[in-house]
């Protein structure tokens, strides 16, 4: 099951901190992160990759981003 981290409406570093908390709960699988700024999208992606997760896909809908992370 994919864990969803909804960080919309929050400014950095909140989205990154929420992601790090989610990463502590699992060593592998899929995580979907919802953010609503370009800066948060970049920071979350960079933080995930720094922890060994891969950015599988990023979907943009207006000003919202869905970042799909995966680690096997």
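None of the figures in this text is laboratory data; all of them are computed from the coordinates on show. This one's a predicted model, so the numbers in the text were calculated from it and none came from an experiment. Don't worry about glycine lacking a Cβ; one is built from the backbone with ideal geometry, like all the others, and counts go over all protein chains shown.
Report, in degrees rounded to the nearest 10, the 0 to 90 angle that the Cα long axis of helix 14-25 makes with the longest principal axis of the chain.
Taking the Cα atoms of the chain, the angle to 14-25 is about 20 degrees.
So what's the angle, to the nearest 10 degrees on a 0 to 90 scale, between helix 38-50 and the longest Cα principal axis of the chain?
That works out to roughly 10 degrees.
Which value, in Å to one decimal place, does the Kirkwood hydrodynamic radius take for the range 1-61 when every pair of different Cα atoms is included?
The answer is 11.5 Å.
For residue 39 and residue 72, what is the calculated FRET efficiency with R₀ set at 35 Å and r taken between the beta-carbons, to the nearest 0.05?
0.75
Once R0 is set to 22 Å, what does the formula 1/(1 + (r/R0)^6) return for the Cβ-Cβ distance between residue 51 and residue 8, expressed as a FRET efficiency to the nearest 0.05?
That pair, residue 51 with residue 8, gives E of 0.55.
May I ask you to compute the full-extension gain from residue 60 to residue 30, defined as 0.36 nm times their residue separation minus their alpha-carbon distance, rounded to one decimal in nm?
9.0 nm
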